[in-house]
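Below is one structure, written out as structure tokens; the observations come after it.
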Amino acid sequence: MDLVSCDVLVVGGGGAGLRAAIAAAESQPSLRVGVVSKVYPMRSHTVSAEGGAAAVIKPGDTLDAHAYDTISGGDWLSDQDAVEAFVREAPAEMLRLEHWGCPWSREPDGSVAVRPFGGMKAERTWFAADKTGFHLLHTLFQTSLKYECIQRFDEWFVTTLLVDEGRCQGVVAIEIATGRLLTITARAVILCTGGCGRVFPFTTNANIKNGDGMALAYRAGAPLKDMEFVQYHPTGLPFTGILITEAARAEGGWMLNKDGYRYLQDYDLGTPQAKPVLRSMELGPRDRLSQAFVKEQEKGRTLKGPYGDYVHLDVRHLGEALIDRKLPFVRELCRKYAHLDPVREMIPVRPVVHYMMGGVHTDLAGATGLDGLYAAGEVACVSINGANRLGSNSLTECLVFGARAGVAAASFAVEAPPANGTASAQAHDEQRRLESALGARREGEERIVDVRTEMQTIMEESAGIYRVGGVLQDAAARLRGLQERARRLALDDHSLTFNTELTSVLELSFMLDVAETIVHSALRRCESRGSHQRSDFPQRDDERYLAHSLAYRAEAGPPAIQYLPVTVTRWPPGQRVYGR
Amino acid sequence: MSATITLEVARYRPEEEAEPSVQAYEVPYREDWVVLDALNHIKDTQDGSLSYRWSCRMGVCGSCGLTVNGSPKLTCATYLSDYAPKAIRVEPLEHFPVIRDLVVDIGDFLVKLKKVRPWIIREDERPLERGEYRQTPAELEAYRSFSQCINCLLCYSACPIAGLDPNFIGPAAIALAQRYNQDSRDEGAGARMEILSQPDGLWGCTFVGECTKVCPKHVDPAGAIQQYKVAAAVDAIKALLLPWGSK
């Protein structure tokens, strides 16, 4: 098997990955930095982020206010030392993107403009119209091209981490175009592979969001933290799950039920005003808005559509000029994918799986418990997002913690010895595993789509907006059964050249592992906090659960769940108050 | 019985066949399905060996560009209903080497993109402590449309020059060069001009304008190339009149 080596290897080429690669290259210019991604970096899912990225920059706003919004938004499950580092470093990261050419929207005087966002008590969300993720990603990607020490492995699919003597020493990857296996050894590896929305049937997440990095770390022995916390975004287009950005509400859009009534006023989120009020009504946090949808549905006050119940997002009163200036992508998406013009018509929306608060457990430097392995961005859980992430914190998180992980991994790599000889032996084991798995597929009997669809159905039924113990218990057993069925998947495609059916099988296997950690973590947390609502345990229980769950892979059987106390610095747990 | 529609899909399996072939698939016809939905239906339920790229399904990642009935399209934004009830022909993008089925090799574009130095070039970097570069909404507007390029490469597929001269640097790369040239924070236009004024740079373009017509993001590469040619011509005249050099 061919072998290449680099000093720092970044897995994933989205916002966090590219930021990490550049940080590593700048902090230790003598290092060889690799970026391996299963897609070309500019296809990464960061590209789909719309609304903006939070960082304190305007007079009157404070770092403490950003920290408090984030911690209360996360229902006090955020680690406050991480949040403090995050808000402190956010402004410089955003300015750096500005200096690299990001086309941030501007005030008339040429300064960077900010907009309000859900759960934020001040206007602090930087935006590039409503294509912020797209511009951020392309700015990072284009800037990364000037660093000669960054070597890319585009369209290489990582199948496993190489771990020996308690240290991560590289990866095995498939070159998708040729089917060739490659060992990439590294002194440090940074996982930046994003989330896993595709374990659910209805998601804003791109087809590539299969929890690859989460499963890679989990299989290598690193625990997954807070996996029960799954964010439903309140405004997705039915059928496609395409996101209509929270910026539509930040600019003044209304959520209306079937009677044209601003129903959020019935859910302790404030009283309706003509103009948007910060931390109130439509600018409440995403968990509370998605839960309000379910309550409206139970009252029979939602509308019925071919793709499930929905409510309306109404932006008509904002006028065409504002919509075209600040929400042009919303208009484009509605026209192209919902066949309506939001200037004249209301937008049908329903809650949609959007983001994983949980992920690979890391410290503030992005280090996992496994030496030489780092993680940043949605794949990781530091945790700043706690039990519910605020909109516009995730892009900033990619930058702040991507940079931190890049610097930390680079300085680790300078000290670390090169990969030892066992890496190539392990790589050969992986080759045999892949070949025997593929060989067996010739007699397979299950179609990928059937197993995948059943997994998604199980997840929606058991780990949706409201959960209950018995259903989760049942889901855990059914997922075990699916793991067995996944071993008998049939493959139509036996070619080595660009075999996307093979990568789909590997992705499905990643997703099944991740799905199990979600369900088991949700089952064990007998309280309701943020996005994790247990109908059988409706109260928050700080006595028992002011703690992060850690899901460890067991030798056989389901994951083992342990707990780690939350770090509280200056904000003792309190009540989440919105709209008053 | 529900309605169906036929997709005639180009296949190419380099390990099995020397030349591309066409395979017809019948899929359910649904009003709200795009061509990509039909391809996914085929892959899931009929033929797992069909290869193509896709990711976001919302027209922004740029992965799913294909030739649909002869025209380059983002298949996630192209509806079956635009063609029904007739059969739809789906082929790879033109002017790129085909790797497998509908997948083309875009490696050459990445090389060209890097050549035009698509990043901010300045003599002096402003320290972060001094805050942002000021850029008025009007200055932003000067390059905004060129910054919308999603690298889907429909423009290369549509461009007859890109088909004739594989060295032609091409519409998207030139538009992205112009995106930085027009950015008030950038001072790199001179450096980029050195690359683009070479024979395979912008002079390759004969201004057919197909690139702008097929662009799903209204980037107007043809406009960028025109702007560039004017700037290059002015530079050339200056160099003639002022041979001691002015920059």
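The values are calculated or read from the model by the stated rules, or taken from the named source; none is laboratory data. Keep in mind the model is a prediction, meaning the values are calculated, not measured. Counting neighbours? That spans all protein chains shown, and the Cβs are built from the backbone with ideal geometry, glycine included.
Inspect all residues belonging to the stretch B:117-128 and state whether any of them is within 10 Å of chain A (Cβ to nearest Cβ) and either small (Gly, Ala, Ser) or under 14 Å from B:Leu153 (Cβ atoms) (or both).
no
Do you know which of the residues in the stretch A:1-22 that are part of a helix (DSSP H, G or I) and not small (Gly, Ala, Ser) is nearest to A:Thr160 (Cα to Cα)?
Checked the stretch A:1-22; the qualifying residue nearest to A:Thr160 (Cα to Cα) is A:Leu18.
Of everything in the stretch B:10-69, what is loosely packed, with under 15 Cβ neighbours inside 10 Å and either more than 13 Å from chain A (Cβ to nearest Cβ) or in contact with a Phe, Trp or Tyr (Cβ under 9 Å, 6 or more places away or on another chain) (or both)? Give them in sequence order.
Listed by number, the residues that qualify are B:Ala18, B:Glu19, B:Pro20, B:Ser21, B:Val22, B:Ala24, B:Glu26, B:Pro28, B:Glu31, B:Gln46.
All but one of (1) more than 14 Å from chain B (Cβ to nearest Cβ); (2) assigned to a helix (DSSP H, G or I); (3) buried (at least 23 other Cβ atoms within 10 Å of the Cβ) hold for A:Trp76; which doesn't?
Status for A:Trp76: all satisfied but (2).
Which of the following residues is touching a Ser or Thr at 6+ places or on another chain (Cβ under 9 Å), within 14 Å of chain B (Cβ to nearest Cβ) and hydrophobic (A, V, I, L, M, F, W, C): A:Val414, A:Val352, A:Val407, A:Val311?
A:Val352
Among the residues of the stretch A:151-173, what is the count of those that are away from every other protein chain (no Cβ under 14 Å) and of a type outside the set (Gly, Ala, Ser)?
Number of matching residues: 13.
Taking the stretch A:439-453 only, how many residues are surrounded by 16 or more Cβ atoms within 10 Å (Cβ to Cβ) and assigned to a helix (DSSP H, G or I)?
So the count comes out to 5.
Return yes when B:Asp47 is farther than 30 Å from B:Arg185 by Cα and out of contact with any Ser or Thr (no Cβ under 7 Å at 6 or more places or on another chain) and no when it is not.
yes
Does A:Val158 satisfy the criteria of being buried (at least 24 other Cβ atoms within 10 Å of the Cβ) and assigned to a strand (DSSP E or B)?
Yes.
Tally time: how many residues in the stretch A:533-561 are surrounded by fewer than 18 Cβ atoms within 10 Å (Cβ to Cβ), touching a Phe, Trp or Tyr at 6+ places or on another chain (Cβ under 7 Å) and under 22 Å from A:Gly470 (Cα atoms)?
Looking only at that region, the number is 2.
Any residue in the stretch A:390-406 that is farther than 23 Å from A:Ile22 by Cβ and crowded, with 24+ Cβ neighbours inside 10 Å?
Scanning the stretch A:390-406 turns up at least one residue that is farther than 23 Å from A:Ile22 by Cβ and crowded, with 24+ Cβ neighbours inside 10 Å.
Might you let me know whether the stretch B:79-99 holds any residue that is more than 8 Å from every other protein chain (Cβ to nearest Cβ), part of a loop (DSSP other than H, G, I, E, B) and hydroxyl-bearing (Ser, Thr, Tyr)?
yes
When only residues in the stretch A:79-135 that are closer than 24 Å to A:Asp324 by Cα and among the basic types (Lys, Arg) count, which is nearest to the other protein chains (Cβ to nearest Cβ)?
Looking at residues that are closer than 24 Å to A:Asp324 by Cα and among the basic types (Lys, Arg), I get A:Arg106.
Of the residues B:Tyr79, B:Tyr83, only one is in contact with a Phe, Trp or Tyr (Cβ under 8 Å, 6 or more places away or on another chain) and either in the same structural domain as B:Ser147 (by TED's automatic domain parsing) or more than 20 Å from A:Lys38 (Cα to Cα) (or both); which?
Answer to the check: B:Tyr79.
Across the stretch A:227-241, which residue is surrounded by the fewest Cβ atoms within 10 Å (Cβ to Cβ) among those that are farther than 21 Å from A:Leu283 by Cβ and among the β-branched types (Val, Ile, Thr)?
Among those that are farther than 21 Å from A:Leu283 by Cβ and among the β-branched types (Val, Ile, Thr), it is A:Thr240.
Looking at this structure, is A:Leu333 crowded, with 24+ Cβ neighbours inside 10 Å and out of contact with any Ser or Thr (no Cβ under 8 Å at 6 or more places or on another chain)?
Answer is yes for this residue.
Scan the stretch A:456-497 for residues that are of a type in the set (Gly, Ala, Ser) and under 30 Å from A:Glu435 (Cα atoms) and report the count.
The number of residues fulfilling the criteria is 6.
Under the condition of being outside any loop (DSSP other than H, G, I, E, B) and surrounded by 24 or more Cβ atoms within 10 Å (Cβ to Cβ), which residue from the stretch A:23-40 is farthest from the other protein chains (Cβ to nearest Cβ)?
Step one: of the stretch A:23-40, the residues outside any loop (DSSP other than H, G, I, E, B) are A:23-27, A:33-37.
So of that shortlist, the ones also surrounded by 24 or more Cβ atoms within 10 Å (Cβ to Cβ) come out as A:23-24, A:33-37.
On the way: A:Ala23: 14, A:Ala24: 18, A:Val33: 16, A:Gly34: 16, A:Val35: 13, A:Val36: 15, A:Ser37: 12 Å.
The qualifying residue farthest from the other protein chains (Cβ to nearest Cβ) is A:Ala24.
Going by the conditions given, is B:Val230 part of a helix (DSSP H, G or I), loosely packed, with under 15 Cβ neighbours inside 10 Å and out of contact with any Ser or Thr (no Cβ under 7 Å at 6 or more places or on another chain)? Let's see the steps before the verdict.
Working: part of a helix (DSSP H, G or I): yes; loosely packed, with under 15 Cβ neighbours inside 10 Å: yes; out of contact with any Ser or Thr (no Cβ under 7 Å at 6 or more places or on another chain): yes.
Yes: the conditions hold for B:Val230.
Test A:Thr503 against the criterion of being assigned to a helix (DSSP H, G or I), within 14 Å of another protein chain (Cβ to nearest Cβ) and either on the phi > 0 side of the Ramachandran plot or surrounded by fewer than 20 Cβ atoms within 10 Å (Cβ to Cβ) (or both), and give yes or no.
yes
For the subset of the stretch A:168-198 comprising residues that are touching a residue at least 60 places away in the same chain (Cβ under 8 Å), of a type outside the set (A, V, I, L, M, F, W, C) and part of a strand (DSSP E or B), which member is surrounded by the fewest Cβ atoms within 10 Å (Cβ to Cβ)?
Ranking the qualifying residues of the stretch A:168-198, first place goes to A:Arg180.
Looking at A:Glu165, A:Glu93, A:Glu89, A:Glu123 in this structure, which one is over 22 Å from A:Val39 (Cβ atoms) and crowded, with 22+ Cβ neighbours inside 10 Å?
Among A:Glu165, A:Glu93, A:Glu89, A:Glu123, only A:Glu93 is over 22 Å from A:Val39 (Cβ atoms) and crowded, with 22+ Cβ neighbours inside 10 Å.
Okay, residues lined up against (1) touching a Gly at 6+ places or on another chain (Cβ under 6 Å); (2) within 12 Å of chain A (Cβ to nearest Cβ); (3) at pLDDT 95 or above:
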site: B:Pro137; (1), (2), (3): no, yes, yes
site: B:Leu140; (1), (2), (3): no, yes, yes
site: B:Tyr143; (1), (2), (3): no, yes, yes
site: B:Cys149; (1), (2), (3): no, yes, yes
site: B:Ser157; (1), (2), (3): no, no, yes
site: B:Pro160; (1), (2), (3): no, no, no
site: B:Pro166; (1), (2), (3): no, no, no
site: B:Ala173; (1), (2), (3): no, yes, yes
site: B:Leu176; (1), (2), (3): no, yes, yes
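Please go through the stretch A:94-140 and pick out each residue that is in a helix (DSSP H, G or I) and under 19 Å from the mean Cα position of the chain (by Cα).
Matches in the stretch A:94-140: A:Thr132, A:Gly133, A:Phe134, A:His135, A:Leu136, A:Leu137, A:His138, A:Leu140.
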